[in-house]
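Worksheet: one structure, shown below.
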Amino acid sequence: MLRSALLAASRSPQARTLVEKFPPTHAIVERFVAGERLDQGVAATDELVGTGRKVTLDHLGEDTKDAAQAAGTAEAYEHLLAALKETGLAADAEVSVKLSAVGQFLPVDGEKIALENARRICEAAADAGTTVTLDMEDHTTTDSTLAIARELRADFPWLGVVLQAYLRRTEEDCREFAAAGSRVRLCKGAYKEPESVAFQGKRDVDLAYVRALKVLMGGEGYPMIASHDPNMIKIAGQLAEWNGRARDSFEYQMLYGIRPEEQLRLAEAGNTMRVYLPYGQEWYGYFMRRLAERPANLTFFLRAMATRG
Ligand SMILES: Cc1cc2nc3c(=O)[nH]c(=O)nc-3n(C[C@H](O)[C@H](O)[C@H](O)COP(=O)(O)OP(=O)(O)OC[C@H]3O[C@@H](n4cnc5c(N)ncnc54)[C@H](O)[C@@H]3O)c2cc1C
């Protein structure tokens, strides 16, 4: 119930105005977002890399309905990738991109524009010597996102895709994307989805995650285990062992600000641990999904609201 309400609010302009204007929000957002500016994203990357972690940076934004804004987002990624190259961080930091931020939802030629903008970002990444992963949004975008990914992979075979374990289709998608060299981030899924397309309860989603993970770990690709769930992390380690996988043939990923001690533990144990690091002004949707994932985050937020009166 609560999760559904928060996810619905994540797409409501009225709720957005309310949350953005509420002064204590910013202090809480800081836990999950590196800052609003590029230099803050780069500084946080430098700090994480200094502790043995890798990074994937997200220039925040989504659901763009304006072609100029979509092009502006592609340009922001070009600046980011140039900064990673200049600072020598590109070896340890890649970028994550939401296709809806670069035009996928534009009413005319949305997919074509998103493909062109994503291509610009991939070219900048190739120039910097790093990679790109396409984030996955709600299920109405899955086919379009995977189609764009297939097209881009013809030129940029290192392009990463995200598959969401809660979608009933994902085990099958894993079979297609488990091929040699294929970078696949497996997450549980963060959007409000109908029962017709997605498992609903935690137990069913966890079981689906393990089934998908078995396919990816047994395949020839490069699985990226994006979860904070101790059970999923443990199972991933066991599957890696059973499949005789070398430490550098898969990686763990977690979100900035979530379970940092576990991030360090995994990195110190010799695993590749990548942190998903968002920065930028468009933090509202991202922040609301983080609240929806964990009731304790919401309690923290509401307590701050109450003390402010
Ligand atoms: C690197 C990365 C990239 C992602 N990319 C995408 C994407 O492209 N598309 C998409 O739909 N989803 C994405 N997600 C989000 C993902 O789908 C889940 O919503 C999120 O990771 C929570 O699921 P979980 O696997 O951590 O397990 P859960 O069962 O939700 O959580 C397990 C435990 O992790 C901790 N935890 C989880 N979430 C939080 C939180 N918000 N705050 C504090 N503690 C928390 C808690 O201790 C919790 O008990 C991504 C996640 C990661 C880590």
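Values for this structure:
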{"item": "Extension gain (nm, one decimal) between V108 and F22, 0.36 nm per residue minus Cα-Cα", "result": "27.4 nm"}
{"item": "Two-site label geometry, Q200 and A67: point separation in nm, points 7 Å out along Cα→Cβ", "result": "4.2 nm"}
{"item": "GNM result for the chain, Cα springs below 10 Å: residue of R274, R119, R16 fluctuating most strongly", "result": "R16"}
{"item": "Computed lengthening from A15 to R150, 0.36 nm per intervening residue step minus Cα-Cα distance", "result": "45.0 nm"}
{"item": "Selected from A125, S96, Q164, residue furthest toward positive end of dipole (the stretch 87-209; charges at beta carbon)", "result": "Q164"}
{"item": "Within the chain: Cβ-based charge dipole about Cα centre, in debye rounded to nearest 20 (Lys, Arg +1; Asp, Glu -1)", "result": "1100 debye"}
{"item": "Gyration tensor (Cα) of the stretch 148-275, equivalent ellipsoid semi-axes in angstrom", "result": "21, 19, 14"}
{"item": "The chain: antiparallel DSSP beta bridges as a percent of all, rounded to 5", "result": "5 percent"}
{"item": "At R0 = 51 Å, FRET efficiency that the Cβ-Cβ distance of A8 and A246 yields, to 0.05", "result": "0.70"}
{"item": "Solvent exposure, largest accessible area first (probe 1.4 Å, DNA, RNA and ligands not counted), of W242, W283, W158", "result": "W242, W158, W283"}
{"item": "Share of carbon and sulfur in the accessible heavy-atom surface of the chain [1.4 Å probe, %]", "result": "53 percent"}
{"item": "Rule-of-thumb Rg ratio for the chain [Cα; 2.2 N^0.38 Å; N residues]", "result": "0.95"}
{"item": "Residues whose placed amide H lies under 5 Å from that of R185, excluding near-sequence neighbours", "result": "V161, V162, L163, M224"}
{"item": "Listed pairs K98/K234; K188/K214; K65/K85; K202/K234; K65/K98 exceeding 19 Å between Cα atoms", "result": "K98/K234; K65/K85"}
{"item": "Whole-number D in µm² s⁻¹ for the stretch 176-248, Kirkwood Cα-pair radius fed into Stokes-Einstein, 4 °C, 1.567 mPa s", "result": "100 µm²/s"}
{"item": "³J(HN,Hα), Karplus 6.51/-1.76/1.60, whole Hz, each residue of the stretch 94-108, x for Gly, Pro", "result": "10, 10, 10, 10, 9, 5, 5, 7, 10, x, 3, 9, 5, x, 10"}
{"item": "Relative intensity, log₁₀ I(q)/I(0), of the stretch 50-142 from a Debye sum that treats every alpha carbon as a point, q = 0.15, 0.18, 0.22, 0.24 Å⁻¹", "result": "-0.53, -0.74, -1.01, -1.15"}
{"item": "Cross-link partners of K192 among aspartates and glutamates (Cα-Cα below 12 Å; sequence separation of 8 or more within a chain)", "result": "E137, D138, E293"}
{"item": "Prolate/oblate/rounded call for the stretch 106-185, Cα gyration tensor, a/c under 1.5 rounded", "result": "oblate"}
{"item": "Residue-normalised accessible area of the stretch 140-181, expressed per residue, 1.4 Å probe, Å²", "result": "41 Å²"}
{"item": "Gained length - R168 relative to R211, 0.36 nm times residue gap less alpha-carbon distance", "result": "14.4 nm"}
{"item": "Per residue, the convex hull volume that the Cα atoms of the stretch 15-101 enclose (Å³)", "result": "104 Å³"}
{"item": "Estimated vicinal HN-Hα couplings, Hz - the stretch 139-156 in sequence order (Karplus 6.51, -1.76, 1.60; Gly, Pro = x)", "result": "5, 5, 9, 4, 4, 5, 5, 5, 5, 5, 4, 4, 5, 5, 5, 4, 9, 10"}
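The values are calculated or read from the model by the stated rules, or taken from the named source; none is laboratory data. Treat the numbers as computed from the prediction; the structure is a model and nothing was measured. Ideal geometry is used to build each Cβ from the backbone, glycine not excepted, and the neighbour counts take in all protein chains shown. Surface areas here come from the heavy atoms of the whole protein model, side chains and all, with no ligands, DNA or RNA. Shrake-Rupley method; radii C 1.70, N 1.55, O 1.52, S 1.80 Å.
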